Structure formats: C-alpha cells, structure tokens
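Engineer: I have a structure here, written as structure tokens, and I will follow up with some questions on it.
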Amino acid sequence: MKKLLFMLVLCLPVAGFADDGALASVLARARHDGAGKFQYRETRLLELAAAPWEAEGYMLTGADGSLVKLQLQPSRVIMAISDEEMYYWDPLQNQRHRMPLDYGGEAAEQIVLFRAILQGHSEDFQNSYDFAAQIDDKRWSLRMTPKAGQGDAAATIEISGDDAAGSRIISMRRRDGEATEYHISRLPERQADNLSIPALLREATGD
C-alpha cells in the first residue's frame, strides 16, 4: 500500500522563498491552481524486483485539495485522498481500503506531503527539506532533499518541467534505493470530459 499511494501533481508556493530569485521563479512555474486533469506514465524501480514496474493512467486534482489517481494499466486501480481520508480500490483483487490519514503510517505521511504541496503550505517543508532550483530558458527543475533525521522512508524529490511542451517529470528516490518516476501531461479537454472526481470517489468507496 505504501508504494501504491505516492500521489503526484505538485503545486508549490512562492511565499517564504523570495530571497532566491531562481527558486521563486521555479516555484511559480511549478504551481498549479485549482482543478486539473492529467495523463501519466509511471516507472518504479523496486529493491527486490528484477525489472522496472510500469503503469499508466489519469490523475485528477480538485480545487479542495482532493487527489484521485486512476491507474488503467496494467490493471484498473483507484487511489485517492479526500478530506482527511485515504482510499484504495482494486476491483481485480477485490481489495478496498479506507482509513483516516492519521492512521495511515508512512503511506499517509507521503500523501500528506503531496497534499500540502498541492495546497501551497510551504511552511510544511522548510523544516524537513532543502530546496534547490535551476532554470534554462523554458526548462526548469526543483530538487527537494530531506534534511537529516527524516528517516529512510523520506524521499528526495525532483520536479522538472518544459514550459513549451507543457509536461512535467516527477522523480522520487528513497534512501533505501527504491525510486518512482512520473511523466505527466495535461489531458486534452475533450478526452477529460468523462472523468469526474466525485464519480471515482464513489467507485473507490463503494457508495
């Protein structure tokens, strides 16, 4: 569950970093306000796996901070956070989980981190991560490195973007060597019409 529930679309604030011009500019470029619908391709390097694990699907973000990850390949799986709860639904395995974020352990800590990024709470990161940014014309990158004492579960996160292509690459590498990389791009409007956060949450909860 811990590995399945890395949530992704990152939206960072500029407040608190105005003294670093490159960093402030990168945070402004990375920020995504309000609702959005994206397609993603995911690759995981797992410690005990002989080959990378790959998946693809859609990701939806809500203006209220909700996140829904709809995996379509290699099988349909819904992972989500809404309010203060986390959800997981795998119809192929008939596995459904729902729990408060407070009881989610390391999986919830990762989700809370990304939801805080989505909601623009920069104060949540300043004590736990060091930030470094680079800009090369339309291309940019942001690196978040865990400070000492964060434990092996803490991941170094790198976000890179190409403003001309409108794409993002998000990579996360844990201290134990396991890594996840996402290639994310915004969905065309007509392709996103049939995707709905409320409908997917109802499916995930079984309501």
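The values are calculated or read from the model by the stated rules, or taken from the named source; none is laboratory data. Please read these numbers as outputs of a predicted model, since none were measured by experiment. So basically every Cβ, Gly included, is an ideal-geometry build from the backbone, and we count neighbours across all protein chains shown. Heavy atoms of the whole protein, side chains included, go into the accessibility calculation; ligands, DNA and RNA do not. Shrake-Rupley method; radii C 1.70, N 1.55, O 1.52, S 1.80 Å.
Engineer: Rank these by accessible area, largest first, 1.4 Å probe: Asp193, Asp162, Asp102.
Structural biologist: Asp102, Asp193, Asp162
Engineer: Please turn the phi angles of the range 84-96 into ³J(HN,Hα) values with the Karplus equation 6.51 cos²θ - 1.76 cosθ + 1.60 (θ = phi - 60°), one per residue in order, whole Hz, x for glycine and proline.
Structural biologist: Going residue by residue, I get 10, 10, 10, 10, 8, 9, 10, x, 5, 8, 6, 10, 10 Hz, with x marking Gly and Pro.
Engineer: In terms of modelled amide H atoms, which long-range or inter-chain residues lie less than 5 Å from the amide H of Gly57?
Structural biologist: Tyr40, Leu72
Engineer: Amide H neighbours of Leu187 under 5 Å, at least 5 residues apart or on other chains, H built in the peptide plane: list them.
Structural biologist: Lys37, Phe38, Gln39
Engineer: Which FRET efficiency, nearest 0.05, do Ala148 and Ala22 yield, Cβ-Cβ r, R0 30 Å?
Structural biologist: 0.80
Engineer: Can you give the extra length, in nm with one decimal, that the chain gains between Lys138 and Asp83 once fully stretched, where that is 0.36 nm per residue apart less the Cα-Cα distance?
Structural biologist: Residue separation times 0.36 nm, minus the Cα-Cα distance, leaves 16.3 nm.
Engineer: Starting from the Cα-Cα distance between Ala63 and Asp90, subtract it from 0.36 nm times their residue separation and give me the gain in nm to one decimal. All intermediate terms of the calculation are to be shown ahead of the outcome.
Structural biologist: On the way: separation 27, 0.36 × 27 = 9.72 nm, distance 2.55 nm.
This chain segment gains 7.2 nm when fully extended.
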